[in-house]
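Contents: one structure, followed by commentary.
The values are calculated or read from the model by the stated rules, or taken from the named source; none is laboratory data. The structure presented is a predicted model; accordingly, all values stated were derived computationally and were not measured. Cβ atoms come from the backbone with ideal geometry, glycine included; neighbour counts cover every protein chain shown.
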Amino acid sequence: MNAKNDRAAWLKGPATCCSVLPQAQSRPRHFVLLGAPGVGKGTQAELLSSRLGACQLSTGDIFRAAKSIAATERSPALNLALDAMRKGELVTDETVLDMIRERTACLRCAGGFLLDGFPRTVAQAEALTQLLAREQVQLDAVLSYELPLETIVARLSGRRTCEKCKAVYHVLSHPAKVEGVCDHCGGNLVQREDDRPESVKVRMAAYESSTAPLTAYYRKRNLLVSVSAEGSPEAIYQRTMQTLDAKD
Ligand code: AMP
């Protein structure tokens, strides 16, 4: 078993190399993951990544990693992006696409990829289609995770993340053994700024207006695979694999 890939080239940009390259796959898989905030898309991306070997390429993770750069060293575009993120708004297509273009090498990675949180608008999806055509990489499928709105709001408001190792908990469905303390590393469990109720409302509105039309975009291209996000992460993973097998 290879050591875990640290996604350094994705999180920190093209000047950085991954300390451990993802294991080359005989059939690298290329998926886009769609779903409203709180459907458990990130958890599925982690499961798919550990089992299929493909890297989880999350645009939200790039912005969260950028928070640790001193404000004076961040570009004005990055500062505006972090501002938008704090409020739960979408970062501009221009900024996101600049980041993706800088990281094109990750799209060619021999381990494959799972795009998580990108594309988020039809303009981003069109840019991705062009970029992948240029790189001669084909998407296997676009996995769209679906869940009723009330369930989503309950999931988001109870979510807690470890400040140190980023492990994810839920106050009701997956509590830490000691309240507020990470089981894995002892770090503090905090609520993500954008999981606060006022930000959640903005994020859901952004999802409805900008991201939901993406399902139509990919359905038209015969790439959309809808998966119910009810149940445990393992049940959702099994459902994902069965749905993909049925499509092949
Ligand atoms: P996520 O972790 O995917 O929920 O992303 C967290 C936040 O980062 C979002 O609420 C947006 O502010 C920003 N963000 C991440 N990816 C994108 C994207 N593709 N387009 C616009 N904004 C994004």
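Pairs linking a residue in segment 196-207 that is assigned to a helix (DSSP H, G or I) to a residue that is more than 9 Å from the ligand (Cβ to nearest atom) and modelled with pLDDT of 80 or more, with Cβ atoms under 6 Å and 6 or more positions apart or on different chains, are Val200/Leu156; Tyr207/Ala36. Residue count for segment 208-222 satisfying the condition of being surrounded by 14 or more Cβ atoms within 10 Å (Cβ to Cβ) and either under 18 Å from the mean Cα position of the chain (by Cα) or closer than 16 Å to Ile152 by Cβ (or both): 5.
Each row is one residue, and each column tells you yes or no for (1) more than 21 Å from Ser210 (Cα to Cα); (2) surrounded by fewer than 21 Cβ atoms within 10 Å (Cβ to Cβ).
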site: Thr95; (1), (2): no, yes
site: Met99; (1), (2): no, yes
site: Glu102; (1), (2): yes, yes
site: Asp116; (1), (2): no, no
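Quick grid of which residues meet (1) within 12 Å of the ligand (Cβ to nearest atom); (2) within 30 Å of Pro148 (Cβ to Cβ); (3) touching a helix residue (DSSP H, G or I) at 6+ places or on another chain (Cβ under 6 Å):
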{"site": "His30", "(1), (2), (3)": "no, yes, no"}
{"site": "Leu33", "(1), (2), (3)": "yes, yes, yes"}
{"site": "Ala45", "(1), (2), (3)": "yes, yes, no"}
{"site": "Ala65", "(1), (2), (3)": "yes, no, yes"}
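Among the helices (runs of 4 or more DSSP H) confined wholly to segment 85-154, which include 2 or more residues that are more than 9 Å from the ligand (Cβ to nearest atom), under 22 Å from Lys220 (Cβ atoms) and free of Cβ contacts under 8 Å to residues at least 12 places away in the same chain?
Passing ranges, in order: 122-135.
Restricting Leu48, Leu21 to those that are in contact (Cβ under 8 Å) with a residue 40 or more places away in the chain and assigned to a loop (DSSP other than H, G, I, E, B) reduces the list to Leu21. Taking the criterion of being surrounded by 14 or more Cβ atoms within 10 Å (Cβ to Cβ) and of a type in the set (A, V, I, L, M, F, W, C), the residues of segment 167-177 that qualify are Ala167, Val168, Val171, Ala176. Among the residues making up segment 24-45, those that are in contact with a Pro (Cβ under 8 Å, 6 or more places away or on another chain) and either in a helix (DSSP H, G or I) or farther than 30 Å from Pro213 by Cβ (or both) are Thr43, Gln44. Remark: pairs (first residue in segment 58-75, within 28 Å of His30 (Cα to Cα); second residue not in a helix (DSSP H, G or I); Cβ separation under 6 Å; 6+ apart in sequence or on different chains) = Ser58/Asp116; Ser58/Gly117; Thr59/Gly117; Thr59/Phe118; Gly60/Gly117. The set of residues from segment 178-207 being within 14 Å of the ligand (Cβ to nearest atom), surrounded by 12 or more Cβ atoms within 10 Å (Cβ to Cβ) and among the charged types (D, E, K, R) comprises Arg192, Glu193, Asp194, Asp195, Arg196, Lys201, Arg203. Do we have Tyr169 as of a type in the set (Phe, Trp, Tyr), under 18 Å from Val39 (Cβ atoms), more than 16 Å from the chain's Cα centre (by Cα) and not in a helix (DSSP H, G or I) here? Answer is yes for this residue. Mind listing just one residue for me: the one in segment 67-84 that is over 24 Å from Leu156 (Cβ atoms) and of a type in the set (S, T, N, Q) and, of those, farthest from the ligand (Cβ to nearest atom)? This residue is Thr72.
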